[in-house]
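Here is the structure we will look at.
The values are calculated or read from the model by the stated rules, or taken from the named source; none is laboratory data. Computed from a predicted model, the values in this text were never measured in an experiment. Every residue, glycine as well, gets a Cβ built from its backbone with ideal geometry; the counts of neighbours run over all protein chains shown.
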Amino acid sequence: MSVSPPSGTRQPSASSSETALGEAVYRDCFDLSPAAQVILNHRGELLDLNLQACTVMGRDRAALLGHRLTDVVHPDDRAEIFAAIEHSTEHKVPFELACRVQSPGQALRWFLVQSRPASHAEHGTLWYTLLADITERKKQEAWLAHRNALLTALSQGLPGMIYVFRPGTDKGGRLDFVSEGVRHLFGASPEEALASPWVLYNRVPPEDLNNFFQQRDLAIGESSRLHSEFRVRNAEGELRWCAADSVAGLDADGNEVRCGYIADITEHKLYQDARVAAETAERASRAKSQFLSRMSHELRTPLNAVIGFAQLLQMDNSPALADGQRQKVQLIERSGAHLLDVISDVLDLSRIEAGDMPLSVEPIMLGGVINDAQAMVAEAAHRANVLMTESGRSWDMYVMADRVRLRQVLVNLLSNAVKYNRQDGQVCVSVRMENDTRVLLEVTDTGVGLSESQITHLFEPFNRLGAEHSGVEGTGIGLVIVHRLVELMGGTITVRSQAGQGTTFSLSLPAAEVDLASDHGVLDEALPESRQATILYAEDNEINVLLVRQILELRPSWKLEVAHSGAEALKLVSKIQPDLLLLDMHLGDMTGFELADLLDQNPALQGVTKVALSADAMPDRVHAARAKGFSAYLTKPLDVAALLRCLDEHLAAR
């Protein structure tokens, strides 16, 4: 059956040959077209079809003519075709749909049906229809749907975003898949991202985006792995750090795609920044500690000679100094001691501010610490005619504190109470239980007192509150150190005062529980008479050697051997068999710790007492010396009496 052109179609010319030629051309155009073409009536019956249509449907032309198109269509798709023809008939509009065709001996195939209605004089409305085989496209869509379903399932619960990117001529490319994580990271929906990746790119700062494009394009060009870090402004307006990682792959058609994952790495970045900052701070702290250690050594070494020889001059009675000379020597000693206090305070404050003040907090009996502190300021109190008293059961109370630092706190408070007191004044140390867990220690004086304004600025570094005009020596940082040391030991310090009436400093410290039955009591301070002993002194500074040599002349029964380097000490020790090793911590060829390690390797020196003598007064060095087996650590400038007392104690114990 052949159907002539519909009405409205241009007719052939009057010449019969031209008409015959035109019909032949139209027929060939229909029959030989590479596209499958069919003509349907309003019932969906095949009125005509070309060779390609027969081929794709797998049937002869004669077997198909007069049959409905739905006869070769999958049963599930027939209703859609009928509905489409009905809608097209009513509204005179074309229709398009996809359906499956089952050809004899062939697998089920997908076709895209595109049909346009036209009125025909003889046959009424006809539908000129194209059939396009879209089986491969449907397979691709099915593969993509399966992949996207898999990616969606994988992305459930993941904090980041899975994506599939397809490079293109546009700089932004195209996204084939975006998981739900895009909402959290970029504040956009997957649909918005799939429509245009610039929805995501616009959330990235321009400088970060340019860097990302460069890294991405390089990875695409080399088919290599991509790792890029950039900032993203999320829906809340917060700028967060993200990292994109992707690898190259191929889709079903062999085209390049990149599968990747974007994660929020803000916390990781903060951790990295914090770690770098901590490492930087640690390096700075080490450098500062080394600087403070060196400064302590360099400043204390000359003071060692000044104070040490001043003390020796006062102790030397052959011949005795004249009164005027003795006063001058005393002035030298006091000035040196004041400079030493200033150096010690500045170094302590620096260590505290750097967070590098080691403490050994343990149960401490208050009575012993108070007694030590009072003894250290007794001479100053005597000169100022100030009476020191004590109240409370300090010998029965224990606190958690560092013994050395608590004594330093009390010495500072007592010294201030004496210095700023009146003639014939008093200083009272009282102790009582504040509650079940705290002990209250108070230092009260009868001095000039403080105003409210002065109390407000009391703990400010280098603020002497006007005392710089009083003639009383001071640095203005002692109370700052006291305040911070008390806090480091878990305590608090408060002050109450009235101008002209005196001042009370109150320390609240954690109480310590101890078994009083196991207390060893107070050590016997009585020392036996000096016996014969050989002391090896390792020191590379001739002035220090001269000072120690003259000090030890006060003990005629002791023999002093001097080594001017670590190497010389190692040679000398095997010859003299010393009873005590007095080691400087900064020798020319090695440290005192290194020398001690080498000496410990000598079996003959097992049990020989080691005493450290150094201008390095940093607390960590003192603790390190204890850990290395040193029995004592004496700091320069030397206190002559303290050195003799230390050596007396350790030699008497042998």
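Applying the set (1) surrounded by fewer than 19 Cβ atoms within 10 Å (Cβ to Cβ); (2) over 21 Å from GLN550 (Cβ atoms) to ARG621 leaves exactly one unmet item: (1). Number of residues in region 171-188 that are aromatic (Phe, Trp, Tyr) and at pLDDT below 90: the value is 1.
This table checks each residue for (1) without any contact (Cβ under 8 Å) to a residue 24 or more places away in the chain; (2) among the basic types (Lys, Arg); (3) in contact with a helix residue (DSSP H, G or I) (Cβ under 9 Å, 6 or more places away or on another chain); (4) in the same structural domain as HIS42 (by TED's automatic domain parsing).
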{"site": "SER88", "(1), (2), (3), (4)": "no, no, no, yes"}
{"site": "PRO94", "(1), (2), (3), (4)": "yes, no, yes, yes"}
{"site": "CYS99", "(1), (2), (3), (4)": "no, no, yes, yes"}
{"site": "GLN106", "(1), (2), (3), (4)": "no, no, no, yes"}
{"site": "TRP110", "(1), (2), (3), (4)": "no, no, yes, yes"}
{"site": "ALA121", "(1), (2), (3), (4)": "no, no, no, yes"}
{"site": "TRP143", "(1), (2), (3), (4)": "no, no, no, no"}
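You will find that of ILE343, ILE370, ILE352, ILE364, the residue that is among the β-branched types (Val, Ile, Thr), touching a Phe, Trp or Tyr at 6+ places or on another chain (Cβ under 7 Å) and surrounded by 17 or more Cβ atoms within 10 Å (Cβ to Cβ) is ILE364 and no other. Pairing each residue of region 296-314 that is closer than 11 Å to GLU333 by Cα with any residue that is small (Gly, Ala, Ser) and modelled with pLDDT of 75 or more, provided the two are 6+ apart or on different chains, yields C-beta distances under 6 Å for LEU303/GLY336; VAL306/GLY336; ILE307/GLY336.
The residues in region 521-556 that are assigned to a loop (DSSP other than H, G, I, E, B), over 49 Å from the mean Cα position of the chain (by Cα) and either at pLDDT 90 or above or buried (at least 19 other Cβ atoms within 10 Å of the Cβ) (or both) can be counted, and the count is 0. Checking each residue in region 385-418 for being assigned to a helix (DSSP H, G or I) and in contact with a Pro (Cβ under 9 Å, 6 or more places away or on another chain) picks out VAL404, ARG405.
Selection of region 632-654 for residues being surrounded by fewer than 17 Cβ atoms within 10 Å (Cβ to Cβ), small (Gly, Ala, Ser) and within 24 Å of ILE307 (Cα to Cα) yields ALA641, ALA642. Applying the criterion of being surrounded by fewer than 22 Cβ atoms within 10 Å (Cβ to Cβ) and modelled with pLDDT of 90 or more to the residues of region 437-454, the residue that is farthest from LEU387 (Cα to Cα) is THR437.
The strands (runs of 3 or more DSSP E) found entirely in region 83-133 that carry 2 or more residues being surrounded by 14 or more Cβ atoms within 10 Å (Cβ to Cβ) and among the hydroxyl-bearing types (Ser, Thr, Tyr) are 124-133.
Results for (1) in contact with a strand residue (DSSP E or B) (Cβ under 8 Å, 6 or more places away or on another chain); (2) polar (S, T, N, Q); (3) under 11 Å from LEU509 (Cα atoms); (4) touching a residue at least 40 places away in the same chain (Cβ under 8 Å), shown as yes or no for each residue.
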position	(1), (2), (3), (4)
MET400	yes, no, yes, yes
VAL409	yes, no, no, yes
ASN412	no, yes, no, yes
SER430	yes, yes, no, yes
ASP436	yes, no, no, yes
LEU440	yes, no, yes, yes
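Any residue in region 324-338 that is assigned to a helix (DSSP H, G or I), of a type in the set (Asp, Glu) and surrounded by 13 or more Cβ atoms within 10 Å (Cβ to Cβ)? Yes, the conditions are met somewhere in region 324-338.
In the set (1) modelled with pLDDT of 90 or more; (2) closer than 22 Å to ARG27 by Cβ, the condition left unmet by PRO94 is number (2).
Yes/no matrix, rows are residues, columns are (1) in contact with a strand residue (DSSP E or B) (Cβ under 8 Å, 6 or more places away or on another chain); (2) closer than 26 Å to ASP372 by Cβ; (3) of a type outside the set (A, V, I, L, M):
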residue	(1), (2), (3)
SER565	yes, no, yes
ASP584	yes, no, yes
THR591	no, no, yes
GLU594	no, no, yes
LEU599	yes, no, no
ALA604	no, no, no
THR609	yes, yes, yes
LEU634	yes, yes, no
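Quick check, is SER565 hydroxyl-bearing (Ser, Thr, Tyr) and more than 38 Å from the chain's Cα centre (by Cα)? Spelling it out, SER565 is indeed hydroxyl-bearing (Ser, Thr, Tyr) and more than 38 Å from the chain's Cα centre (by Cα). If you filter region 1-45 down to residues that are in a helix (DSSP H, G or I) and small (Gly, Ala, Ser), you find that the one that is modelled with the highest pLDDT is ALA24. Against the numbered list (1) more than 25 Å from SER33 (Cβ to Cβ); (2) at pLDDT 85 or above; (3) exposed (fewer than 12 other Cβ atoms within 10 Å of the Cβ), ALA149 comes up short only at (2).
Kindly check whether there is at least one residue in region 138-160 that is over 35 Å from the mean Cα position of the chain (by Cα) and not in a helix (DSSP H, G or I). So far as region 138-160 goes, no, none of its residues is over 35 Å from the mean Cα position of the chain (by Cα) and not in a helix (DSSP H, G or I).
One residue is enough: does region 259-282 have a residue meeting the conditions modelled with pLDDT under 90 and closer than 30 Å to THR635 by Cα? Yes, region 259-282 contains a residue that is modelled with pLDDT under 90 and closer than 30 Å to THR635 by Cα. Looking at region 44-64, which of the residues that are farther than 19 Å from GLN106 by Cα and in contact (Cβ under 8 Å) with a residue 40 or more places away in the chain is nearest to the chain's Cα centre (by Cα)? Across region 44-64, the extreme among qualifying residues is GLY44.
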